[in-house]
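Taking it in order: structure first as structure tokens, then the write-up.
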Amino acid sequence: MNRKIQLLSILFLGVSSVAFSQIKEEKLVLNKKREPEVKKIEKKKTSVETIKNYPPEEKSQTPVRYTITDVPAVSDFKTSTIQGEDVTPKFDGTAQNNYLQFGMGNYGKILLDGNVSKTLENKIEVGGDVHVLSTSGLKKDYDWKSKQTSATFGAFLNSYGDKGKFNVNAEYGLNNYNYYGIYALQPAADVDLKQNVNQFKVNGYYDFYSNEILNDVRVKSTFLKDHFDAQENQVSILANFSKHAVELGGSGINLNADLGVGLEAVKTDFAIRDKNSANFFNTNLAPKVTFRKGDSYLMLGSSFSFLNAKNSNDLMAEKLKSNKTYWFPQAEFQFAAAKEFKFYGGVDGGLKLNTYGDLLQENPFLLSDQYLKPTETKYHFYVGLRGDIDETFKYDFSAGYGKMRDIMFFKANSIFDDVYSMNRSAYDFANTFSAVYDDGNVSDIKGSIQYFPLENLVLDGELRFTKYNLKNYENIYNVPLFNASIGAKYTMLDKKLLLGFKGIFASDRTTNSFSIEGVADAQAPNGMIFRSLENTDDKVGGYADLNLSAEYKIHKNFSIFALGNNLLSSKYQTYKGYKVLGAQILGGVKITF
């Protein structure tokens, strides 16, 4: 019977390749996260639970590196040919800090990835990692250059003491690419479309083993500069104070009290076009109390933000300054009727500073001149149901409704100079985007499942439906109404062979776009100028994108791997004008030591 199920599982992985596909270059990075990802569905109960105040010696046996990470409820598959998620499954329980892997594939793709660490005396671990991924781009689709390279180089230090653990890591990142998404003009093949972004990050983190008073402290700093001399400096400090596990009489109810205190400062300056400048300083306080009994709990709290903001550009007579205090509700309950059925609900809100660095992670094809504003979620109500059925099927489904101010999304830019000439800047071919803002309401439905039919087979799926009703814009641009993913991981041949599948899907998106034509103008130097017409209801098609991967351990220290991306070879667009690579096959070797 088990053999039949295994055959059906392999067939599932194969047949799926005919139906689904994935959208851009995935980073083949192993163990790159410095902080454990927060999964929306808990692991099987047979696995070891992560408990904050477990003994220090136990922590030293399984060192973990940390970063400040926000994991979305649904896979956030960024639609860029160089910004991608790692869709490669990992061998469970066999991760090694010291490894080197190299791979090559079509589209001139080259991968170099490595990590090395050494534990010194006094439980101090030092190490570094490197990741480089390059591609020659879509030479057959564009006359001009579309090649891209991304690279990160990092170093870290971990120290495990008697009272807590300390981490500091530094990382330099480089994205070198082109504004190749030109659809309204036909420039020469040698046109300069270059953009590059350099970013340096330094993060520090201290976590006390106990939850007494000071729980943990995080410091995060980022320094960014791009090809057009945009500069951004950001620093944030977050301290969590807590008192946990206070018993309330003999009721069996425990009380947890928490207070988060955060400071964040961002300064951004742009050097082209309107020369926008933004300066934000935000202070945040988040007190909360939680009453817990078994798996049921009630959390009550609030969040306060005190924002000082300054904006200016060449169009303003003077700086626009504001000081504002925000209050947001924070509450959540869970009623556990049984482990199979846990009903929950709540309300939250918050203030998000939109930085140039964050915007580039979502859309690297931005104009290097943005007007930055924070996005305010006044409130967001949600209800849901989650559970664990016989440790075999896990699920989490919820629906929500919220009210937001200054919702940020991306609008396509037209040309900036109407002179009838192709001798223009890299960003002046109707090939860039700018952040725009609008108030409105948002409705969302999301869900995730995990299924364990066999010990060596894991199936998972996620979906999200998001609908915006805006005050001024009829449609939100470049945001799909629906996106989803399904995946599978299967090990066989005595766990020497690992097969993986990931399919990612999205509905079409509304965007604006431009048609540009030359018209006669007697006042122009050469008697012609460019005139542009805007279409505010253009569509960028949806996609179904498939990825398959395989890794085979020839030896405990040597393995070979292969990764196939976008196997349906659909060169669909992400943002208007930006096609993704077609079917990609990459193979290589990995050495662990």
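Assorted remarks:
- Scanning the range 138-163 for residues that are in contact with a Lys or Arg (Cβ under 9 Å, 6 or more places away or on another chain), of a type in the set (Gly, Ala, Ser) and in a strand (DSSP E or B), we see that the one that is surrounded by the fewest Cβ atoms within 10 Å (Cβ to Cβ) is 159.
- The number of residues in the range 260-288 that are surrounded by fewer than 19 Cβ atoms within 10 Å (Cβ to Cβ), in contact with a Gly (Cβ under 9 Å, 6 or more places away or on another chain) and among the aliphatic types (A, V, I, L, M) comes to 1.
- Only one entry in 333, 328 is in contact with a Leu (Cβ under 7 Å, 6 or more places away or on another chain) and either modelled with pLDDT under 95 or among the hydrophobic types (A, V, I, L, M, F, W, C) (or both), namely 333.
- Subset of the range 124-137 that is of a type in the set (Gly, Ala, Ser) and surrounded by fewer than 19 Cβ atoms within 10 Å (Cβ to Cβ) - its residue that is nearest to residue 203 (Cα to Cα): 128
- In the range 455-490, of all residues being in contact with an Asp or Glu (Cβ under 8 Å, 6 or more places away or on another chain) and closer than 15 Å to residue 549 by Cβ, the one that is surrounded by the most Cβ atoms within 10 Å (Cβ to Cβ) corresponds to 485.
- You will find that of 348, 388, 369, the residue that is farther than 30 Å from residue 176 by Cβ and touching a residue at least 60 places away in the same chain (Cβ under 8 Å) is 388 and no other.
- Residue match in the range 168-176 (condition: modelled with pLDDT under 95, among the aromatic types (Phe, Trp, Tyr) and in a strand (DSSP E or B)): no
- Among the residues making up the range 455-475, those that are closer than 20 Å to residue 535 by Cα and of a type in the set (D, E, K, R) are 471, 474.
- Per the listing 530, 561, the residue uniquely more than 23 Å from residue 105 (Cα to Cα) and either of a type in the set (Ser, Thr, Tyr) or out of contact with any helix residue (DSSP H, G or I) (no Cβ under 9 Å at 6 or more places or on another chain) (or both) is 530.
Yes or no, residue by residue, for (1) farther than 30 Å from residue 451 by Cβ; (2) without any contact (Cβ under 8 Å) to a residue 40 or more places away in the chain; (3) assigned to a strand (DSSP E or B):
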| position | (1), (2), (3) |
| --- | --- |
| 325 | yes, yes, yes |
| 335 | no, yes, yes |
| 343 | no, no, yes |
| 354 | yes, no, no |
| 357 | yes, no, no |
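- Number of the condition not met by residue 103 [criteria: (1) small (Gly, Ala, Ser); (2) surrounded by 14 or more Cβ atoms within 10 Å (Cβ to Cβ); (3) more than 24 Å from residue 585 (Cα to Cα); (4) touching a residue at least 60 places away in the same chain (Cβ under 8 Å)]: (3)
- Residue 547 vs. criteria at pLDDT below 95 and surrounded by 13 or more Cβ atoms within 10 Å (Cβ to Cβ): yes
- Hey, residue 478 in contact (Cβ under 8 Å) with a residue 60 or more places away in the chain and either touching a Lys or Arg at 6+ places or on another chain (Cβ under 7 Å) or polar (S, T, N, Q) (or both) or not: yes
- A count restricted to the range 153-167 and to residues that are closer than 21 Å to residue 198 by Cβ and without any contact (Cβ under 8 Å) to a residue 60 or more places away in the chain stands at 3.
- Of the numbered criteria (1) buried (at least 17 other Cβ atoms within 10 Å of the Cβ); (2) among the β-branched types (Val, Ile, Thr); (3) in a strand (DSSP E or B), the one residue 182 fails is (3).
- Listed by position, the strands (runs of 3 or more DSSP E) enclosed by the range 212-321 that each have at least 2 residues that are touching a residue at least 24 places away in the same chain (Cβ under 8 Å) and of a type in the set (Val, Ile, Thr) are 213-226, 231-247, 254-269, 277-293.
- For the range 318-349, the set of residues classified as buried (at least 17 other Cβ atoms within 10 Å of the Cβ) and within 19 Å of residue 380 (Cα to Cα) consists of 326, 328, 330, 332, 334, 344, 345, 346, 348, 349, listed by residue number.
- Filtering 560, 529 for residues that are of a type in the set (Val, Ile, Thr), on the phi < 0 side of the Ramachandran plot and at pLDDT below 95 leaves a single hit, 529.
- Listed conditions (1) closer than 15 Å to residue 145 by Cα; (2) outside any strand (DSSP E or B) are all met by residue 196, apart from (2).
- Every residue from the range 289-303 that is in contact with a Pro (Cβ under 7 Å, 6 or more places away or on another chain) and buried (at least 17 other Cβ atoms within 10 Å of the Cβ): 301
Results for (1) closer than 22 Å to residue 536 by Cβ; (2) part of a strand (DSSP E or B), shown as yes or no for each residue.
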{"residue": "391", "(1), (2)": "no, no"}
{"residue": "401", "(1), (2)": "no, yes"}
{"residue": "410", "(1), (2)": "yes, yes"}
{"residue": "439", "(1), (2)": "yes, yes"}
{"residue": "444", "(1), (2)": "no, yes"}
{"residue": "469", "(1), (2)": "yes, yes"}
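The values are calculated or read from the model by the stated rules, or taken from the named source; none is laboratory data. Everything quoted here is computed from the prediction, not taken from an experiment. Virtual Cβ from ideal backbone geometry, glycine too; neighbours counted across all protein chains shown.
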